[in-house]
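The values are calculated or read from the model by the stated rules, or taken from the named source; none is laboratory data. Bear in mind that the values here come from a model prediction, so they are computed numbers and not experimental data. Cβ coordinates were reconstructed from backbone atoms using ideal geometry, including for glycine residues, and neighbour counts include every protein chain displayed. Protein only, heavy atoms only, side chains kept; ligands, DNA and RNA dropped before computing areas. Shrake-Rupley method; radii C 1.70, N 1.55, O 1.52, S 1.80 Å.
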Amino acid sequence: MTYQRFLADAGAFWRSETRPTDPGACVLADARHHDLRVLLRTLTVANALRRLTPARLVVLANPAPCWPLAWGVPYDLDAVMELAAAFAADEVIDVDAFAERRLAELATARATPTVDELAPDVDAAYRRITGAPSVTEAARRNQDYRRLHARIRVLSRFYAELIAERAPVALVTSEVDYDEWGAAVLEARRAGVPVIQPLAGGALRAYALFPEQDHGAPTFGAALTPLIGEFFGAQVWPRREHWRRGVRRVLARDRAGRGRPTDARTGPNAAVEIENPTQRRQVRQHVARRLGFDPNRPVAVVFRHRAQDPVDARAAAFPDGDAWLDATVAVARSAREINWLFLDAPDPAPPAAPPTTARPEDRFAATARECAGHTHLAFRPAAAFSRNALLSLADLGVTLHDPVAVEFVAYGLPVVQAGWSPWSDCGLGPVVTDPDQHRRALVAAVAELAADRPPMTGEQIERARLWLWLDRAGADVAGPLVPTWAAWPAEHLLRPLGAYLRHVDPDGDPVFAAVERLWRTRAPLLTRADVAVEVDRSPRSDAAPTVVGVGMVPQTRSSRAAAAAHE
């Protein structure tokens, strides 16, 4: 009943808010996702664009059947079509039905897929669907992989024809770097169509890649990262004093376990309660003894990622997570000067109807058995440690592309990152680009820790905190038109949203203002306020910024010994 009432409210609202359509242009909105919150973000951004330029709304619906199985959540095509109609869509395309018809024609013609530029998208999709940490040549020859590749090739041609025929002014999609979504983004980029990616979490966050800024990087993420770094360096960092109060609020919320903690812990495990170095040392001793570590020796914490993560789609230094894990363990085995804690991020349950390829043995568990004789190495589930424990124990973080990299740096802990992320070019620290550089970075970090040198600069810490503010506040557009991600279950989200659509005049709505600003300034991300203003050039000290308000910056061994003697 709540959903039907919402559909009626949304239909009345969007029919009055969208401009008369231009039959010669459209906005493509990808609605092949199971989460209503993602669909609302995608369709809202699409319609916000239609308020700026007259265009039809064409909705892509219905993913391949393997995806609902991998998600563990059904995809309701009828409900999505109702939702699209409520958002004043002019056309809904059943993508799966088209793909199945075309694949049947190819099967009749005995067509076979070939290796092409879509292979990285196929590999990433195959890993997510099957749970395989990597894709072997044998896997590429099996029936599941070949069918997946054939489907993506079929859809790639379909997207190219659709874009040529409908002349879209933008593609709005929540997924950008794998499978049928990645193929759509690739064809849009080739045709010079702007791509906007609404993100999960928070209120409304979105990244944008405009054709005049796209210089042919292999993936959406690889093209976007330097643009975000340039935006951060030119518009955000020079005005850091202006945003300092907001940074403090974001850090206070993070310490309290609110505001989307990056490691997704909840409840008491999400809070950072340590206020000073003495408390940190006490917690550190307790956790180190649990692991059999000497608490006076430095500790590197390594965050393993889920096998399904599309590593190559992020232009990482390694082809997959297992290769990165093997390379990191190889360094850790011989680096006995410090202790190493490897944390396992558990994979989700396998699909209800798994494909013909058997799931391989988990590399993390196998590696833990192989390293059982190395007392300076420990392998544990990530969920076994609270944030208090991890931030007290760690002197170094090692990761591929996990947001914990930003959090660690914000709390004064250096990080070796071997994969590209949105913040990679924002000056938080070095990002390695190949396996040999990864090895050298780890060896250098171990030498720094063993020599008791300061782990990082105050500027890196301040940049990380400023990125946290940008990600969680400055680039997180809060407004009633897109309720926060935490407004769930669906009834809690739809009731206030329906009331807003019925009773509030939308002029000045922050979502509409933010999308208009994004479209006008061609920024790489949606922002809550206009940060592209004259930089504050008032005199300021050139000294390193003071690190305040956290009490988590790690001490050297000498300072730890002095504190113990003082006690």
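The figures follow:
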{"read-out": "All positions within segment 456-475 that are farther than 18 Å from residue 254 by Cα and crowded, with 22+ Cβ neighbours inside 10 Å", "value": "none"}
{"read-out": "Close pairs from segment 38-64: first touching a residue at least 60 places away in the same chain (Cβ under 8 Å), partner open to solvent by less than 10 Å² (accessible area, probe 1.4 Å) and part of a helix (DSSP H, G or I), Cβ under 6 Å, at least 6 apart", "value": "48/515; 60/95"}
{"read-out": "Extreme residue, nearest to residue 284 (Cα to Cα), among residues of segment 373-420 that are among the polar types (S, T, N, Q) and either touching a Cys at 6+ places or on another chain (Cβ under 8 Å) or outside any loop (DSSP other than H, G, I, E, B) (or both)", "value": "392"}
{"read-out": "Filter result for the condition that a residue is among the charged types (D, E, K, R), open to solvent by less than 10 Å² (accessible area, probe 1.4 Å) and either out of contact with any Leu (no Cβ under 7 Å at 6 or more places or on another chain) or under 30 Å from residue 144 (Cβ atoms) (or both), over 35, 22, 76, 30", "value": "30"}
{"read-out": "In segment 171-203, residue surrounded by the most Cβ atoms within 10 Å (Cβ to Cβ) [restricted to those that are hydrophobic (A, V, I, L, M, F, W, C) and in a helix (DSSP H, G or I)]", "value": "184"}
{"read-out": "Some residue of segment 281-288 being modelled with pLDDT under 90, crowded, with 18+ Cβ neighbours inside 10 Å and not polar (S, T, N, Q)", "value": "no"}
{"read-out": "Scan of segment 93-106 for residues that are open to solvent by 50 Å² or more (accessible area, probe 1.4 Å) and among the hydrophobic types (A, V, I, L, M, F, W, C), ordered by number", "value": "98, 104"}
{"read-out": "Index of the failed condition, residue 454 passing every other in (1) under 30 Å from residue 335 (Cα atoms); (2) modelled with pLDDT of 90 or more", "value": "(2)"}
{"read-out": "Residue list for segment 231-248, filter: of a type in the set (D, E, K, R) and either open to solvent by 40 Å² or more (accessible area, probe 1.4 Å) or free of Cβ contacts under 8 Å to residues at least 24 places away in the same chain (or both)", "value": "240, 241, 244, 245, 248"}
{"read-out": "So residue 329, is it in contact with a strand residue (DSSP E or B) (Cβ under 9 Å, 6 or more places away or on another chain), assigned to a helix (DSSP H, G or I) and at pLDDT 85 or above", "value": "yes"}
{"read-out": "Unmet requirement for residue 427, which otherwise passes all of (1) under 27 Å from residue 240 (Cβ atoms); (2) surrounded by 22 or more Cβ atoms within 10 Å (Cβ to Cβ); (3) not polar (S, T, N, Q)", "value": "(2)"}
{"read-out": "Segment 107-151: number of residues that are at pLDDT below 80, more than 27 Å from the chain's Cα centre (by Cα), surrounded by 16 or more Cβ atoms within 10 Å (Cβ to Cβ) and part of a helix (DSSP H, G or I)", "value": "0"}
{"read-out": "Tabulated pairs, segment 201-217, first under 20 Å from residue 403 (Cα atoms) and of a type in the set (Lys, Arg), second open to solvent by less than 30 Å² (accessible area, probe 1.4 Å) and in a loop (DSSP other than H, G, I, E, B), C-beta under 7 angstrom, 6+ apart or interchain", "value": "205/475; 205/476; 205/526"}
{"read-out": "Filter result (assigned to a helix (DSSP H, G or I), in contact (Cβ under 8 Å) with a residue 24 or more places away in the chain and basic (Lys, Arg)) within segment 430-474", "value": "439, 463, 465, 472"}
{"read-out": "Total residues in segment 152-170, condition in a helix (DSSP H, G or I), in contact (Cβ under 8 Å) with a residue 24 or more places away in the chain and either within 25 Å of residue 364 (Cα to Cα) or of a type outside the set (S, T, N, Q) (or both)", "value": "11"}
